[in-house]
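Note sheet for the following structure.
What follows is calculated from the coordinates using simple rules that are stated; it is not laboratory data. Remember, it's a predicted structure, so these values are computed and weren't measured experimentally. Virtual Cβ from ideal backbone geometry, glycine too; neighbours counted across all protein chains shown.
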């Protein structure tokens, strides 16, 4: 049976703390598709600080902002996966609120709702008095250091992205109501903490399982990733 729940990204959920301190590659061989349907293959670089994506082909670099691009993808050699980005309007927090401009978001998964994410830098404090730091952090980081983390967003209409602050209200309540009782029971039985992305992902994975069991096939078509 084909999976209805189509995962674009599945990494970072069960990584050890030590792997989090290494920055994600933001470039690789890929493709940019513009709003005018032009397709450009080459080395794709995502410049998050400027909300720009560039593609280099035959020694020439072309740069585009989120108003010009429909979708782009590149292969992350470090993680051995294709990363797919699309522009969305960020309704909760946006860098360019006064312009109401779209921003690029990495697509994490697609189903009845779309989960997106945005990379950010955090400071890891190895101080043993900081009860938020695991004991073994001191063995990895002798002093404060920057690490990579993510903010997760949800999109219902495929156009607007909202920062996930309440996973139950923003995601679970948007799923078909016939599954709500089963999902609530699963949360209780597995002591899931729905402010934790790992637990959120586990619940969504369970949702896929019970949804597949209730259906003989996919309810709608989801396009395959662009093949490079």
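Table for the structure above
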quantity	calculated
Computed FRET value (nearest 0.05) for residue 60 with residue 37, which takes r as the C-beta separation and R₀ as 30 Å	0.90
Where a label projected 7 Å from the Cα of residue 149 along Cα→Cβ would reach, residues of region 194-214 with amide N under 15 Å	195-198
Rg(Cα)/(2.2 N^0.38 Å) for region 53-92, N = residue count	1.40
